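Presented below is the structure to which this report refers.
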Amino acid sequence: MRNIQALHVLTALISFHMQLRLFGFQRLFKTYIQKYEIREERTSITEDEIQQIEDWMALIDRTCTSVPFDAQCMHRSFLAYRFVRSRFRVPVNLVIGVRKFPFYAHAWLMLRGKNFNEPPDFTDTLSIILDSGKVEETS
């Protein structure tokens, strides 16, 4: 089962990478928001599901560091967004933040205004410039 999951993540990563190069960020961002919209929000999540999500996140991280192309926070965050929303129906938001000086940009997930996959001290110095949850509200 683990090998199947790893293959699934690798296939999704390669697909995302190629789509990003072919269609660009803006189109892919809009596509992901529409495709992985959650119509029925969950009210709770079990400890077992939390462990499964953590396992998927770890698998995504390992896969992104194993490919021969640059798969950094953008790739990890889009894949995590896809899997967490589609498999577990957890309404995470994909956010991008920047710091002006020295310039730095980063993508990560948030759930109900709190970081989902990054420590807050890492992202507190960044200004959020794009939030999939805010785009969903205006669509």
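Within segment 95-102, is there a residue that is without any contact (Cβ under 8 Å) to a residue 40 or more places away in the chain, charged (D, E, K, R), surrounded by fewer than 19 Cβ atoms within 10 Å (Cβ to Cβ) and touching a strand residue (DSSP E or B) at 6+ places or on another chain (Cβ under 9 Å)? The answer is yes; a qualifying residue exists. Within segment 80-105, being more than 26 Å from Thr46 (Cβ to Cβ), part of a strand (DSSP E or B) and of a type in the set (A, V, I, L, M, F, W, C) holds for Ile96, Val98, Ala105.
Of the numbered criteria (1) within 20 Å of Leu20 (Cβ to Cβ); (2) in contact with a Gly (Cβ under 6 Å, 6 or more places away or on another chain), the one Phe69 fails is (2). Out of everything in segment 31-41 that is over 26 Å from Ala6 (Cβ atoms) and in a loop (DSSP other than H, G, I, E, B), what residue ends up being modelled with the highest pLDDT? Restricting to residues being over 26 Å from Ala6 (Cβ atoms) and in a loop (DSSP other than H, G, I, E, B), the top hit is Glu37.
Would you confirm, using the coordinates I've provided, whether Ser44 is surrounded by fewer than 19 Cβ atoms within 10 Å (Cβ to Cβ) and among the small types (Gly, Ala, Ser)? So Ser44 passes the test. Looking only at segment 60-79, residues that are buried (at least 19 other Cβ atoms within 10 Å of the Cβ) and assigned to a helix (DSSP H, G or I) come to 9 in all.
Counting the residues of segment 1-30 that are among the hydroxyl-bearing types (Ser, Thr, Tyr) and at pLDDT below 95 gives 0. Looking at Val98, Val135, just one residue is of a type in the set (A, V, I, L, M, F, W, C), in contact with a Ser or Thr (Cβ under 7 Å, 6 or more places away or on another chain) and farther than 22 Å from His8 by Cα, and that residue is Val98. Is it the case, given these coordinates, that Ser44 is among the polar types (S, T, N, Q) and outside any helix (DSSP H, G or I)? So Ser44 fits the description; yes.
Just to be sure before I move on: is Ile33 under 13 Å from the mean Cα position of the chain (by Cα) and within 21 Å of Phe116 (Cβ to Cβ) in the structure I sent? Yes. If you filter segment 106-139 down to residues that are among the acidic types (Asp, Glu) and not in a helix (DSSP H, G or I), you find that the one that is surrounded by the most Cβ atoms within 10 Å (Cβ to Cβ) is Glu118.
Of all residues in segment 3-61, those being in contact with a helix residue (DSSP H, G or I) (Cβ under 9 Å, 6 or more places away or on another chain) and among the acidic types (Asp, Glu) number 4.
The values are calculated or read from the model by the stated rules, or taken from the named source; none is laboratory data. Since the model is a prediction, treat every value here as computed from it, not as a measurement. Reconstructed Cβ throughout: ideal geometry from the backbone, glycine too, with neighbour counts over all protein chains shown.
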